[in-house]
Amino acid sequence: MINDKKLIRINRPQLTRRKFLEISGVSGMGFLMGGCGTPAFEDIVGKLSEPLNQKVEELVFKPQKPVAEFSFSEIKPEELIVNSFRSTPIIDTAQYRLIIDGEVNNPLSLSMAEIQALPLTSMIIRHVCVEGWAAIVQWGGVRLQEIVALAQPKANVQYAYFKSADGYYESWDIASTLHPQTLLAYQKNGDPLPIENGAPLRLASPIKLGYKQSKWVTRITLVSYLSLFKGYWEDQGYEWFAGL
Amino acid sequence: MTSTVPPKTRNLPTQAIGAKIFHSCNVVSLSIMLTSGLQIYNANPVFGGREGLHIPSIFTLGGWLAGGRHWHFAAMWLFSLNLLWYGIYVLITRRWRHRFIGGNDLRALQKSQNSKRLIYAWHRIVYTAIIPILLLALLTGIGMYKPVQFSWVVDMFGSWQALRIVHFASVPMFIIFTIIHSLLGRKAGGSQLTESMFW
């Protein structure tokens, strides 16, 4: 009688529901945490969740509603950190041309003088970096929607590609491209744009993360499809829409 | 052989299945939120910027900034939807009336000599307090994720840096909570109570 319990249980598998959940829970956590510090599943996670996140981002985005701006006194110039992916290109402003091509009826090649003859728009916005820092900056330049309108895009245009003098490339959705505060800027904090901030011409916008805002822009191509190459950082894993 | 005397059964703690699911989802989603959040933090530490204090990579998830963000924004759904349905569940089952800190617990803290009762009271205070902490983490997170579409969140905290600090503060708060919560839980009901919260 004393050994009853032992006798009855001896040949039975001992994996009860509770034990099973315990083991699967512990090994599941180990599996998950094994990814710490290694880029194990980030791609899969990104591919699974990014389309959902983008849907929500597009849903909350108001294409033509201007973003609230700041006052000049709120600018702290030292807070804007310079990020470059390669090196600073040397551009002769006198020789510089901005090309607008792609699916347009009127391809353009504009000099800096021609761009600066267009109406100047100034805005004081929060520039938000993917790294987590942010800085309030004044940008002055031309609304991108005006240049796009000059090029007369075809009705099926959905995206804008931006090429930079240093090889950097980016692509934007057309709604964000045409936002009234998406500028091609040649001024920063009231002064001519410094070369390390993208002179002679850079993208500036309050509605996209910093890596979307290409410096040293030389070519804008308006297209109806997105190629395999979406952007320098996007092709390495950053999200594409990157809306704020 | 068959007639064994049933062993004396202790009254095992039981939990509602809804509470177990909520609890387990929280353990998984918050582990991911915390580790991937520290990965994002490392790109530009809240205190001191790039030269500031970095978190050792053993505690970070995602490998690099983009990976950390992917994990963070994916787990965000699990975490926030879990919190949302739990809120609804608490309301419709009327658990809020007797599961969280109440006047009787506060009275017990002042008068009771029963050490078990005191532990219960303290424990309820602790796990009731985590709810606003989690909601604050969510709110500040929304403010940083979409500072344009939800600019009122940023305005509420005054500045971007203040918003970052409050969001980051949820890390130590949550870690301290977890330690106290599991210690008090163990004191109140031993490992059986702890287990009953999961399966």
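The values are calculated or read from the model by the stated rules, or taken from the named source; none is laboratory data. As the structure is a computational prediction, the values presented were derived from the model and not from experiment. Please note: Cβ atoms are built from the backbone with ideal geometry, for glycine as well, and neighbour counts cover all protein chains shown. Just so you know, the surface numbers come from the protein's heavy atoms only, side chains and all, with ligands and any DNA or RNA stripped out. Shrake-Rupley method; radii C 1.70, N 1.55, O 1.52, S 1.80 Å.
From the list B:Gly87, B:Gly68, which one is farther than 16 Å from B:Leu135 by Cα and either assigned to a helix (DSSP H, G or I) or open to solvent by 30 Å² or more (accessible area, probe 1.4 Å) (or both)?
Testing whether each residue is farther than 16 Å from B:Leu135 by Cα and either assigned to a helix (DSSP H, G or I) or open to solvent by 30 Å² or more (accessible area, probe 1.4 Å) (or both) leaves just B:Gly68.
What are the residues in the stretch A:108-124 that are assigned to a strand (DSSP E or B) and either under 16 Å from A:Lys188 (Cα atoms) or in contact (Cβ under 8 Å) with a residue 40 or more places away in the chain (or both), if any?
Kept after step one, since they are assigned to a strand (DSSP E or B), are these residues of the stretch A:108-124: A:108-110, A:121-124.
Within the stretch A:108-124, A:Leu108, A:Thr121, A:Ser122, A:Met123, A:Ile124 meet the criteria.
Would you mind stating whether A:Glu170 is surrounded by fewer than 19 Cβ atoms within 10 Å (Cβ to Cβ) and either over 23 Å from A:Leu118 (Cα atoms) or modelled with pLDDT under 95 (or both)?
Values: surrounded by fewer than 19 Cβ atoms within 10 Å (Cβ to Cβ): no; either over 23 Å from A:Leu118 (Cα atoms) or modelled with pLDDT under 95 (or both): yes.
The answer is no for A:Glu170.
Pairs please, first residue from the stretch A:125-139 and over 17 Å from A:Arg202 (Cα atoms), second anywhere and assigned to a strand (DSSP E or B), Cβ atoms under 9 Å, 6+ apart in sequence or on different chains.
A:Ala134/A:Arg126; A:Ala134/A:His127; A:Ala134/A:Val128
Within the stretch A:219-244, can you find the residues that are open to solvent by 60 Å² or more (accessible area, probe 1.4 Å) and among the aliphatic types (A, V, I, L, M)?
A:Leu228 - this is the single residue of the stretch A:219-244 that is open to solvent by 60 Å² or more (accessible area, probe 1.4 Å) and among the aliphatic types (A, V, I, L, M).
Within the stretch A:119-147, how many residues are buried (at least 21 other Cβ atoms within 10 Å of the Cβ) and of a type in the set (A, V, I, L, M, F, W, C)?
Result for the stretch A:119-147: 10.
Any residue in the stretch A:40-51 that is within 16 Å of B:Ile32 (Cβ to Cβ) sitting within a Cβ distance under 6 Å of a residue that is at pLDDT below 85? List the pairs, counting only those 6 or more apart or interchain.
A:Phe41/A:Gly35
Quick check on B:Gly63: is it modelled with pLDDT under 90, open to solvent by 30 Å² or more (accessible area, probe 1.4 Å) and under 23 Å from A:Gln54 (Cα atoms)?
In short, yes.
Picking from B:Ile40, B:Ile32, B:Ile92, B:Ile88, which residue would you name as being facing chain A (nearest Cβ under 7 Å) and out of contact with any Ser or Thr (no Cβ under 6 Å at 6 or more places or on another chain)?
None of the other options fit; the residue is B:Ile40.
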